[in-house]
Amino acid sequence: MPQPGGSRRTAWSEGVHRIRAAATTEPGRLRSIGAVLAALLVLFGAVTAWQVADRKDSAVAVVDHSQPLSADAARVYRSLADANTSAASGFLAGGDEPRAVRQRYEKDIRDSAELLATAAANSDNSRSAQRQIAILNRGLPVYTGLVESARANNRQGLPLGGAYLRYADDKMRGELLPAARKLYTAETARLDSDYGDAKSWPFLAIGVGVLALGALGWAQRRNYRRTNRVFNQGLLGATAATVAVLVWLVGGHALARSGLGESEETGARSLQALNETWISALQARGDENMTLVARGGGAAYEDSYKKQMAAVTGSGKAGGLAHALSLADDPAGRSAVQAAEKSVTTWKERHAEARGKDNGGNYDEAVDMVIGAEKSTGESFDKVDDSLDKASGHEQGQFESAANDGLGWFSGLSIGAMVLAVLGAAAAVLGIGRRLAEYR
Amino acid sequence: MGREEPQAVPAPSKWTPHRKPLAVAVGGLAVVTGVLVSTVLSSTGTGGTDGAGDTAPRGVAQGHPASADRPGEEPKPEKCENGDNPAASLRPSKDSEDAGDAVKRIKEKGKLTVGVDQNSYLWGYRDPTTGDIDGFDIELVRAIARDLVGGDGPDKITYKTIPTDQRIPAIQKGDVDMVVRTMTIACDRIDKVAFSTAYFEAGQQLLVPKEKDEKDKSDSPGAGASGDDEDRVKGFDESMRGKKICYASGSTAEKMMKSKNYKALGARPVVVPNQLDCLVRLQLGEADATVTDSALGAGQAAQDPSVELIGEPETVEPYGVAMNLKDEDLVRRVNKVLESFRKTKWRPAYDKWLGDDRMGTEDEEKPAPPKARYRD
């Protein structure tokens with residue numbers, strides 16, 4: 001590449017002199033051809049190494065950074081929705097709140113706080129994510145405070161507890177969950193962009209490679225015309241090296257790309273679909289609980305339940321579970337989603353029964369139907385929760401193995417391309433030098 | 001009109017999952033939504049929540065509240081357009097024999113179905129520790145059931161919880177035999193449902209944090225603005241200027257506070273979906289005072305000993321048992337029960353549920369049931 005600056009005047013006159021010499025004498029021309037070929041080959045090696053390293057970095061970022069961050073953000077989102085649901089379940093149980101429900105709430109809050117701390121440490125480059133984390137860190141203690149006020153008042157038998165819980169629920173749905181959702185969206189957008197970077201074709205490197213190959217072909221054809229020698233070993237070696245790098249580059253990238261593509265389609269997309277559905281299911285469960293907490297004033301919660309349920313099972317068009325099922329590509333993934341589908345059906349039936357009881361004046365039976373240990377909507381919800389957990393775990397595993405396979409194809413490509421290209425350049429110089437020697 | 005205690009709860013904030021969202025566009029939208037939601041939820045000022053959509057109970061838009069036009073004036077009972085008193089009901093039946101269709105229907109069923117509230121403390125609420133529903137309204141239900149079906153156990157009464165805006169439809173559709181649920185007898189309701197005679201009289205009142213003891217105040221002269229006498233809301237007067245006053249959306253309180261003369265007091269409104277939410281705001285310091293009806297205000301004061309009702313009610317709002325317009329015999333029967341309830345059961349029920357000066361009556365007047373009025 002031309003180097004501007006420095007001792008410009010002398011370099012310029014020197015260059016002019018050389019070009020003149022090169023244009024007029026055959027050795028001069030040969031020298032120039034050799035220099036151009038060597039430069040092209042080294043350039044090819046350098047561009048390949050650079051572009052491949054870039055893509056490898058992005059692929060590593062997918063596996064080690066953006067996918068785990070996206071998964072963590074999804075867990076924050078889910079933990080918060082789960083905490084809200086557990087708080088309402090515990091509230092409905094009143095004085096004899098089961099230990100397990102309380103522990104689940106506490107674990108959700110603890111997980112959220114810990115994951116937020118991790119996310120805060122990691123997201124140094126995303127403003128939007130930082131802002132959401134700040135909102136979540138501010139809102140979480142306020143939310144837990146309201147939930148504890150709700151519990152304290154409820155244990156004293158005061159309806160005020162219900163008002164506190166509604167306020168807490170509002171804070172969760174109005175501030176925390178939207179922020180968690182935005183955090184998740186930001187992290188997922190980063191995952192998508194890393195995927196895009198890793199998968200983009202290294203066109204520049206391929207272009208330079210093809211150019212180098214063309215130049216080598218031309219030089220050999222010129223050589224053949226002038227000397228009638230079919231082969232120049234040096235140039236032949238250089239051609240072989242260039243072809244090797246080009247094949248490795250195109251083939252390796254294609255394979256890495258397909259591995260990453262598979263991880264994106266079978267893993268990341270499935271995980272995203274499952275997560276959306278999971279959170280809808282959690283919110284539907286929270287709505288179901290809040291309908292009873294509101295004691296006769298829960299029409300708005302019941303409407304929200306129907307909306308969330310429609311997002312899970314679909315109404316008219318395919319819902320979240322059907323979408324997740326279409327993305328699940330193997331029997332293990334499918335069976336978990338199908339199990340969730342089955343449990344959701346039972347859940348909906350039991351929900352209708354519980355609503356009937358509540359509307360018919362049997363509040364106690366309705367509560368039992370919702371938070372009871374057996375034959376309750378809670379039991380169905382837990383099954384849905386478990387199935388989705390299983391499906392998510394499976395898809396995460398699929399993601400990791402496919403992504404690591406894809407990543408493997410990048411290994412050695414950068415250095416290999418550089419070494420081969422330098423060897424090729426040396427061979428080309430040797431080949432031209434051989435011709436040049438004939439003029440001495 | 002009508003004093004309402006809206007049971008509608010806040011609509012869970014809008015949240016719909018997007019698939020593969022465009023981060024920026026969705027982020028921007030979500031910020032806007034988030035701001036809107038939090039503005040409404042925290043309700044810090046602005047009357048923007050006027051008629052807050054579906055969370056506001058219906059049936060408040062029409063009619064005139066029986067309020068004093070000016071803050072602090074002696075309130076007068078509501079008069080309908082034809083000059084009738086809406087609280088005038090049908091004369092009680094003479095004896096239990098002259099049962100009409102409605103009474104026969106209930107007797108044959110052997111069970112009374114009543115629309116009640118489970119969320120109004122002291123009136124009709126479910127005690128989370130016992131799971132039983134109880135309160136002043138419920139005592140009246142039991143008295144009616146004893147007379148009609150000969151018992152007040154769970155085998156004799158079906159309690160149906162109905163939201164505020166479903167009270168009239170539930171009666172009209174025949175889902176319930178009657179509604180006993182702090183329901184105000186009002187002109188715009190008497191052509192939709194039949195009311196018994198009034199069994200209680202409430203009115204809009206102010207609920208504020210209790211003043212500190214004199215001793216505490218002298219201990220810290222001029223310290224802190226919060227406990228300062230200058231800074232308290234003392235009534236529907238100049239002390240309200242710039243203060244955050246909480247009331248439920250769609251309630252009589254909202255209507256009253258938005259009327260010209262009350263608006264001129266210069267309070268900053270904090271509008272919430274349910275009157276009880278005001279106590280939450282008051283406890284969290286997000287509101288300085290609450291306007292609600294005295295009966296429900298008493299329920300709030302009973303849940304938090306550090307708040308109290310002050311001043312005199314600004315309105316007169318009689319509560320009645322609501323029944324189907326066709327069930328005239330049932331109305332007479334309930335009025336008969338009320339006659340004896342007023343004489344023997346009313347005062348004990350009052351003392352049990354509403355005693356302890358919670359109603360904030362300043363003069364030493366003895367609480368008494370409102371007089372029965374009849375139109376025939």
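Mind jotting down the distance between the C-alpha centroids of segment A:362-395 and segment B:309-326, whole Å?
One Cα centre to the other: 43 Å.
May I ask you to derive the FRET efficiency for B:Tyr374 and A:Asp96 from their Cβ-Cβ distance with R0 = 45 Å, giving the value to the nearest 0.05?
0.35
Which of A:Ala318, A:Asn137, A:Ala215 sits closest to the plus end of the dipole of segment A:31-437, meaning its Cα is farthest towards the positive end, when Lys and Arg get +1 and Asp and Glu get -1 on the C-beta?
A:Ala215
Out of the chymotrypsin sites (Phe, Trp or Tyr not before Pro) in segment A:404-440, which ones are loop residues according to DSSP with at most 15 other C-beta atoms within 10 Å?
Sites meeting the loop and neighbour criteria: A:Tyr439.
Could you order peptides A:249-261, B:291-303 by the average number of other Cβ atoms within 10 Å of their residues, highest first? Walk me through the numbers before you get to the answer.
Values: A:249-261: 18.6, B:291-303: 26.5.
Highest to lowest by the protection proxy: B:291-303, A:249-261.
How are the Cα pair distances of the protein assembly as shown distributed, in percent, across 20 Å bins from 0?
Over the protein assembly as shown, the share of Cα pairs per 20 Å bin runs 14, 34, 24, 13, 9, 5, 1, 0 percent.
Considering every pair of different Cα atoms, what Kirkwood radius, in Å, is found for segment A:109-187? Kindly include the intermediate steps, with their values, before the conclusion.
On the way: mean 1/r = 0.0751 Å⁻¹.
Hydrodynamic radius (Kirkwood, Cα only) of segment A:109-187 equals 13.3 Å.
If packing is taken as the mean number of other Cβ atoms within 10 Å per residue, what is the order of A:397-408, A:75-86, highest first?
A:75-86, A:397-408
May I ask you to derive the FRET efficiency for B:Asn261 and B:Thr130 from their Cβ-Cβ distance with R0 = 41 Å, giving the value to the nearest 0.05?
Numbers: r = 45 Å, r/R0 = 1.10.
Given R0 = 41 Å and the Cβ-Cβ separation, E is 0.35.
Considering the convex hull of the alpha carbon atoms of segment A:31-437, report its projected area averaged over all viewing directions, in nm², one decimal.
23.8
Compute the FRET efficiency between A:Ser411 and A:Val210 as 1/(1 + (r/R0)^6), taking r as their Cβ-Cβ distance and R0 = 25 Å, and round to the nearest 0.05.
Step by step, r from the Cβ atoms, then E = 0.55.
Looking at A:Ser401, B:Ile144, A:Phe381, which one has the Cα that reaches farthest to the positive end of the dipole of the protein assembly as shown (charges on Cβ: Lys, Arg +1; Asp, Glu -1)?
Final value for the positive-end residue is A:Ser401.
If you count, for every residue in B:278-286, the Cβ atoms of partner chains within 10 Å of its Cβ, what is the mean?
For this peptide, the per-residue mean of nearby foreign Cβ atoms is 4.
For B:Ile157, which sequence-distant residues (separation of 5 or more, or a different chain) have an amide H within less than 5 Å of its own amide H, given hydrogens modelled in the peptide plane?
Result for B:Ile157 returns B:Leu112.
By per-residue mean of other Cβ atoms within 10 Å, what is the highest-first order of B:284-290, A:280-286, B:75-81, A:206-212? Display every interim value, and only then the final one.
Details: B:284-290: 21.1, A:280-286: 27.3, B:75-81: 15.6, A:206-212: 19.4.
Averaged packing, sorted descending, gives the order A:280-286, B:284-290, A:206-212, B:75-81.
For segment A:37-108, what value does the Rg/Rh ratio take when both radii are computed over Cα atoms and Rh is the Kirkwood radius, given to two decimals?
My calculation of the ratio gives 1.56.
What average number of partner chain Cβ atoms lie no more than 10 Å from the Cβ of the residues making up B:267-275?
On the way: counts 0, 0, 0, 0, 0, 3, 6, 6, 1.
That works out to 2 on average.
Take the Cα of A:Arg229, step 7 Å along the line toward its Cβ, and report every residue of segment A:14-46 whose backbone nitrogen sits under 15 Å from that point.
The answer is A:27, A:30-31, A:34, whose backbone nitrogens lie closer than 15 Å to the label point.
Any chance you could give the angle, 0 to 90 degrees and rounded to 10, that helix A:203-227 forms with the longest Cα principal axis of chain A?
Tilt relative to chain A: about 20 degrees.
Calculated from DSSP H runs of 4 or more alone, at -39500 (n - 2.57) each and per residue, what is the 222 nm mean residue ellipticity of the protein assembly as shown, nearest 500?
Values: 27 runs with 472 residues, N = 816.
Calculated mean residue ellipticity at 222 nm is -19500 deg cm²/dmol.
Can you give me the Kirkwood hydrodynamic radius for segment B:124-163, using every pair of distinct Cα atoms, in Å to one decimal?
That comes to 10.7 Å for segment B:124-163.
Within segment A:312-399, list the trypsin sites (Lys or Arg not before Pro) lying in a DSSP loop whose Cβ has at most 13 other Cβ atoms in a 10 Å radius.
Here the sparse-neighbourhood loop sites are A:Lys317, A:Lys375.
For the Cα atoms of chain A, what angle does the longest principal axis make with the long axis of helix A:233-262, in degrees from 0 to 90, nearest 10?
10
Taking every residue in B:162-172, how many Cβ atoms of other protein chains lie within 10 Å of its Cβ, on average?
For peptide B:162-172, the averaged partner shielding equals 2.
Return, ordered by residue number, the residues of segment B:249-291 whose backbone nitrogen is under 20 Å from a label point located 7 Å along Cα→Cβ of A:Gln156.
B:275-290
Restrict the search to segment A:116-212; then list the chymotrypsin sites (Phe, Trp or Tyr not before Pro) that DSSP places in a loop and that have at most 13 other Cβ atoms within 10 Å of their Cβ.
Qualifying residues, ordered by number: none.
Just the ratio, please: alpha-carbon radius of gyration of segment B:110-186 over 2.2 N^0.38 Å, N its number of residues.
Expressed relative to 2.2 N^0.38 Å, the Cα Rg reads 1.03.
Read the figures in this text as sums done on the coordinates, not as results from a lab. None of these values were measured; they are calculated from a predicted model. Cβ coordinates were reconstructed from backbone atoms using ideal geometry, including for glycine residues, and neighbour counts include every protein chain displayed.
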